[in-house]
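The values are calculated or read from the model by the stated rules, or taken from the named source; none is laboratory data. Nothing here was measured: the structure is a model prediction, and the numbers come from that model. Using ideal geometry, Cβ is built from the backbone for each residue, glycine included, and neighbour counts are taken over all protein chains shown.
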Amino acid sequence: MQKGKASIQFDEPPYIISAASVAGTKEGEGPLGSLFDVTEQDDMMGQKNWEAAESSLQKKAAELAAKKAGLTTGSIRYLFAGDLLGQLIATSFGLMDLEIPLFGLYGACSTMGEAMSLGAMVAEAGYADRCLSLASSHFATAEKQFRFPLAYGNQRPYSATWTATGCGAVVIASQKAARNEQTKKPLAKITGITTGKIVDFGLKDSMNMGAAMAPAAFHTIWQNFQDFGWDERQFDRIITGDLGTVGQTILLDLLRKEGYDITGIHMDCGIELYDGEKQDTHAGGSGCGCSALTLCAMILPKIQEGIWRRVLFVPTGALLSTVSYNEGNSVPGIAHGVIIEHVESV
């Protein structure tokens, strides 16, 4: 099962049997708005504070993903989930009532890739029949924690990305469980993963996350090619999480220098989620919810339909905190790759 230095190829690829997306108001106004399962009309979600609103996003997405799989939350063995907030409070308070054993994850905006990687490993190895993997973010909670209070009204540079408000959740099942209980065709299968390492190019601009994360995305994609002995021609799409327009340019240049040209097949969730001309998101979108929403609403349906046969999904994260930034440290990045493929038959 081990491939090369950082990858795994699954002998019996686990299935993604359902997916749910719960988006905020701005996300619902974007190009993917009609594809989300739920678009909230109030980013407060009826809660008293922003953090509780993000918790509400997670709970709604988790319950909906289980329902779409024909399951109760009690029939899910493990939960892999995370967010951007200190001590993962959106996750702990949002998912507490589900009473599912939890692995709380922090991979910054790469968390959905990490959650899916771990869920797939556990399901394929026989440690769980079904897992739930999810990640969320909220524009207001992220700005409040990492930058400025919203009321401050600070001006954002063009390199800045917009933290997505939303949550995406998938149910991952072993092949045995899916065959025994699933009546519908799975959305896709996870055939392999490439786990990213921390990459630091010394950038210190917290308002240019795309530039900070692009080197990590490059390394994970390059490592995937090395470990599996293939190149970009093996994929219909190579999809990064939230590099935005700035990070995308850097990624394409870095890969081109190594002899790989992914220009025609690269897609970035942060660019897809918003309308760059009509919405004031500047360089695009970011946040754990950015790649999670795009995966659940657009990517997986295209894979299920066979429009895309094999995709390399690479959510990207910037590993900074308010403490590290204020102490003058750089912003390291990380990216986790998940190989997702079309299922012909169960």
Query raised in the report: Which numbered condition trips up Q234, out of (1) farther than 30 Å from T281 by Cα; (2) buried (at least 22 other Cβ atoms within 10 Å of the Cβ)?
Result: (2)
Query raised in the report: Within region 251-284, how many residues are under 12 Å from the mean Cα position of the chain (by Cα) and not hydrophobic (A, V, I, L, M, F, W, C)?
Result: 2
**Report entry** Every residue from region 290-317 that is in a strand (DSSP E or B), crowded, with 24+ Cβ neighbours inside 10 Å and in contact with a Ser or Thr (Cβ under 9 Å, 6 or more places away or on another chain)
**Finding:** L312, F313, V314, T316, G317
Query raised in the report: Any residue in region 325-342 that is among the small types (G, A, S), in contact with a helix residue (DSSP H, G or I) (Cβ under 7 Å, 6 or more places away or on another chain) and either without any contact (Cβ under 8 Å) to a residue 12 or more places away in the chain or part of a loop (DSSP other than H, G, I, E, B) (or both)?
Result: no
Report summary line: Over region 71-101, the set of residues buried (at least 18 other Cβ atoms within 10 Å of the Cβ), among the hydrophobic types (A, V, I, L, M, F, W, C) and over 15 Å from K60 (Cα atoms) is I76, F80, L84, L85, L88
**Report entry** Failed criterion for A108 (all others in (1) touching a residue at least 60 places away in the same chain (Cβ under 8 Å); (2) closer than 17 Å to C167 by Cα; (3) surrounded by fewer than 16 Cβ atoms within 10 Å (Cβ to Cβ); (4) of a type in the set (G, A, S) hold)
**Finding:** (3)
Query raised in the report: Which residues, taken from region 103-134, are among the acidic types (D, E) and not in a helix (DSSP H, G or I)?
Result: D129
**Report entry** Failed criterion for Y325 (all others in (1) among the hydroxyl-bearing types (S, T, Y); (2) surrounded by fewer than 24 Cβ atoms within 10 Å (Cβ to Cβ); (3) under 15 Å from the mean Cα position of the chain (by Cα) hold)
**Finding:** (3)
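Matching residues to (1) at pLDDT below 95; (2) assigned by TED's automatic domain parsing to the domain that holds M96; (3) more than 28 Å from K184 (Cα to Cα):
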residue	(1), (2), (3)
K26	yes, yes, yes
F36	no, yes, no
D43	yes, yes, yes
A61	no, yes, no
T72	yes, yes, no
**Report entry** Residue among A61, A65, A81 that alone is assigned to a strand (DSSP E or B), under 26 Å from I303 (Cα atoms) and within 17 Å of the chain's Cα centre (by Cα)
**Finding:** A81
Requested in this report: Looking only at region 113-122, decide whether some residue is closer than 21 Å to E51 by Cβ and either buried (at least 19 other Cβ atoms within 10 Å of the Cβ) or modelled with pLDDT under 95 (or both).
Outcome: yes
Report summary line: Reported set for region 160-184 where residues are modelled with pLDDT under 85, in a loop (DSSP other than H, G, I, E, B), closer than 30 Å to Q279 by Cα and not polar (S, T, N, Q) is A160
Query raised in the report: What is the residue count in region 18-53 for residues that are part of a loop (DSSP other than H, G, I, E, B), in contact (Cβ under 8 Å) with a residue 12 or more places away in the chain and aliphatic (A, V, I, L, M)?
Result: 2
Requested in this report: Could you grab me the full set of residues in region 247-298 that are at pLDDT 95 or above and of a type in the set (F, W, Y)?
Outcome: Y260
**Report entry** All positions within region 223-265 that are of a type in the set (D, E) and touching a Phe, Trp or Tyr at 6+ places or on another chain (Cβ under 7 Å)
**Finding:** D231, E232, D236, E258
Query raised in the report: Are any of the residues in region 243-261 under 30 Å from A69 (Cβ atoms) and surrounded by fewer than 22 Cβ atoms within 10 Å (Cβ to Cβ)?
Result: no
Report summary line: Counting only residues in region 140-159 that are in contact with a strand residue (DSSP E or B) (Cβ under 9 Å, 6 or more places away or on another chain) and surrounded by fewer than 24 Cβ atoms within 10 Å (Cβ to Cβ), the one modelled with the highest pLDDT is identified as A140
